[in-house]
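Here the structure comes first, spelled out in structure tokens, and everything after it is commentary.
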Amino acid sequence: MAHTFLITLYEGFCKEFFRELNSIDNTKNIKKFNIDKLKSWLKKELNINLESSLTSWNDLKESYYRRHLIIHCNSIVDAKFIQNVPTTIFKPGDEVVNDITYLEKCARNIIDFINVIFNEIANIYQIPTYSSSSMDYKKILAEYGDLIKRIP
């Protein structure tokens, strides 16, 4: 359940953040937030390369697709998961299990993703940012409303 909640946070951030971006710069219209489509869109439209900007990219992608296994496949690895996460150690038929260490890493990866997106977009639109050491998820959410209003 916690894993599903964490990925829902990722999806909610994407939906709200990019909806606001779309309302300000409608040339940057994105509506689907599949992690691979988002990665391609960010590269094409904003020249943001998640694979190089986000050190935890592969782990975040694995967490995203693992959620699908948990919800739709009773936590059993299928061929689609292997295709989407070719670096996985799992084999078809394996059961994925989440422990607290995995969940903490998943949460950290989502916070890292939000920081990268937040800072990259702020850089593109020349919006002042905060040092990464002072940025935490509570501050991101609190400052989100003010920041989005400053985009020209």
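The values are calculated or read from the model by the stated rules, or taken from the named source; none is laboratory data. Given the structure is predicted, the values throughout are model-derived calculations rather than measurements. Cβ sites come from the backbone with ideal geometry, for glycine too, and all protein chains shown count toward neighbours.
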Given (1) polar (S, T, N, Q); (2) under 15 Å from the mean Cα position of the chain (by Cα); (3) surrounded by fewer than 18 Cβ atoms within 10 Å (Cβ to Cβ), identify the lone condition not met by Asn74.
(2)
Could you give every pair whose Cβ atoms fall below 7 Å, whose first residue belongs to region 8-32 and is under 15 Å from Lys44 (Cβ atoms) and of a type outside the set (Lys, Arg), and whose second residue is crowded, with 16+ Cβ neighbours inside 10 Å and at pLDDT 80 or above, counting only separations of at least 6 or pairs across chains?
Leu21/Ile121; Ile30/Phe18; Ile30/Trp41
Failed criterion for Phe90 (all others in (1) assigned to a loop (DSSP other than H, G, I, E, B); (2) over 15 Å from Ser63 (Cβ atoms) hold):
(2)
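Scan region 48-58 for residues that are touching a residue at least 24 places away in the same chain (Cβ under 8 Å), in a helix (DSSP H, G or I) and buried (at least 19 other Cβ atoms within 10 Å of the Cβ) and jot them down.
Just the residues of region 48-58 that are touching a residue at least 24 places away in the same chain (Cβ under 8 Å), to begin with: 48, 50, 53-56, 58.
From what is left, the residues that are in a helix (DSSP H, G or I) are 50, 53, 58.
Listed by number, the list holds a single entry, Leu50.
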Index of the failed condition, Asn98 passing every other in (1) more than 19 Å from the chain's Cα centre (by Cα); (2) at pLDDT 90 or above; (3) among the polar types (S, T, N, Q)
(1)
Please determine whether any residue of region 11-20 is out of contact with any helix residue (DSSP H, G or I) (no Cβ under 7 Å at 6 or more places or on another chain) and outside any helix (DSSP H, G or I).
no
I'd like to know if region 39-47 contains one or more residues that are in a loop (DSSP other than H, G, I, E, B) and either modelled with pLDDT of 85 or more or not β-branched (Val, Ile, Thr) (or both).
yes
Number of positions in region 93-102 that are part of a helix (DSSP H, G or I) and either among the aromatic types (Phe, Trp, Tyr) or touching a Leu at 6+ places or on another chain (Cβ under 7 Å) (or both)
1
